[in-house]
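None of the figures in this text is laboratory data; all of them are computed from the coordinates on show. Note that the coordinates shown come from a computational prediction; the quantities given were computed from them, not determined experimentally. Don't worry about glycine lacking a Cβ; one is built from the backbone with ideal geometry, like all the others, and counts go over all protein chains shown.
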Amino acid sequence: MTVTLVGKPGCHLCDDARAVVRRVAAETGAEVEELDITAEDFDPDLKAEYWEQIPVTLVNGARHDFWRVDAERLRKAITAAARR
């Protein structure tokens, strides 16, 4: 299980999301991957899609949420993805 957090430096919502993602990942055993949307090598199509919505979270590559991360909702998504 991998939870990906797409954000950018200096984003306070990203900092809030990071704390929730890390806590829930530690509880569930999921890995955490962070991607910087401002990086030159970031996929331009995803950049266009996500730019107005960061932070964006993905669970195993599937879009989960944006702007705010609810710990319980993320926990349920990780559990459901693990069952597939």
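Across the chain the C-alpha pair distances fall into 5 Å bins from zero in the proportions 3, 16, 30, 25, 16, 9, 2, 0 percent.
If you place +1 on the Cβ of every Lys and Arg, -1 on the Cβ of every Asp and Glu, and leave all else neutral, what size is the dipole of the stretch 37-84 about its Cα centre, to the nearest 20 Debye? Charge dipole of the stretch 37-84: 520 debye, to the nearest 20. Basic side chains Lys and Arg get +1 at the Cβ, acidic Asp and Glu get -1 at the Cβ, and with that the dipole of the chain about its Cα centre reaches some 540 debye.
Rounded to the nearest 10 degrees, what's the angle between the helix 12-28 long axis and the longest principal axis of the chain, both from Cα atoms, 0 to 90? Here the helix axis deviates by roughly 30 degrees.
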